[in-house]
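> Have a look at this one.
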Amino acid sequence: MATKALTIENFEDTINNNGIVMIDFWADWCGPCKMFAPTYEKVSEAHPDVVFGKIDTEDQQQLAAQFGIRSIPTIAVFRDQVLLFRQAGALPESAIEDVLRQVRDLDMDDVRKQIAEQQAKQNA
C-alpha cells in the first residue's frame with residue numbers, strides 16, 4: 001500500500017475506520033525526513049493491512065500542534081483508535097517492523113482495561 005496524506009479533514013476518519021495506522025510526521029525542508037521517506041514507503045508496501053499515513057507538519061500545523069510535534073520525523077502508531085507508540089527520529093526498517101509486530105501482538109482488551117484503570121486513578 002502506498003502512503004496516504006493525512007489532513008485535518010481525513011485524520012479522524014482514518015484513525016476511526018482502520019485497525020493499525022502508522023503516521024510519519026514530516027516536512028519538505030527536513031533532510032532526515034527525506035532520507036527516511038524511502039524506508040517508510042518500502043515498509044508500507046510490505047504491510048497492505050496497515051494504513052501508512054504522512055502528515056506534512058508545515059501544511060497541517062493544527063495536527064502537528066495537537067500531537068505536540070517538536071522534532072521531525074516523528075512516528076506514531078494507532079491501533080483500534082488507541083495511540084500505542086510515538087517516537088521522534090528516523091527509524092531503521094528493522095525497528096519499524098519490530099514496532100508493527102509488537103502492536104499486532106498486543107491484547108487490545110487488556111490495553112483498554114489498563115487505560116480505564118489509569119483514568120479511574122486520575123479521576124479519584
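> Could you tally the net charge around Val51, taking each other residue with its Cβ under 15 Å from the Cβ of Val51, Lys/Arg +1 and Asp/Glu -1?
Its environment carries a net charge of -3.
> Now for a different question. Jot down the per residue volume, in cubic angstrom and as a whole number, of the convex hull over the alpha-carbon atoms of the chain.
Spelled out: Cα convex hull of the chain, divided by residues, is 112 Å³.
> Once the other residues with Cβ under 15 Å from the Cβ of Thr39 are scored (Lys, Arg +1; Asp, Glu -1), what is the net sum?
Values: positive: Lys34, Lys42, Lys54; negative: Asp24, Glu41, Glu45, Glu93, Glu97, Asp98.
Combined, the nearby Lys, Arg, Asp and Glu give -3.
> Now a separate question. Order of 61-72, 107-118, 19-30 by packing, highest average Cβ count within 10 Å first?
Final packing ranking: 19-30, 61-72, 107-118.
> I've got another one for you. Be a star and scan region 20-43 for residues whose amide nitrogen sits under 17 Å from the point 7 Å along the Cα-to-Cβ vector of Glu97.
38-43
> Also: Rounded, prolate or oblate: which one fits region 1-59, using the alpha carbon gyration tensor with axes a ≥ b ≥ c (rounded when a/c is under 1.5, else prolate when a/b beats b/c, else oblate)?
Verdict is oblate for region 1-59.
> Suppose R0 equals 30 Å. What FRET efficiency, 1/(1 + (r/R0)^6) with r the Cβ-Cβ distance, do Ser71 and Asn10 give to the nearest 0.05?
Efficiency for this residue pair is about 0.80.
> Follow-up. Set the Förster radius R0 to 22 Å, insert the Cβ-Cβ distance between Gln81 and Lys121 as r into 1/(1 + (r/R0)^6), and round the FRET efficiency to 0.05.
E between Gln81 and Lys121, to the nearest 0.05, is 0.55.
Every number here is computed from the coordinates shown, using simple stated rules; none is lab data. Everything numeric here is computed off the predicted structure, so don't read it as measured data. Ideal geometry is used to build each Cβ from the backbone, glycine not excepted, and the neighbour counts take in all protein chains shown.
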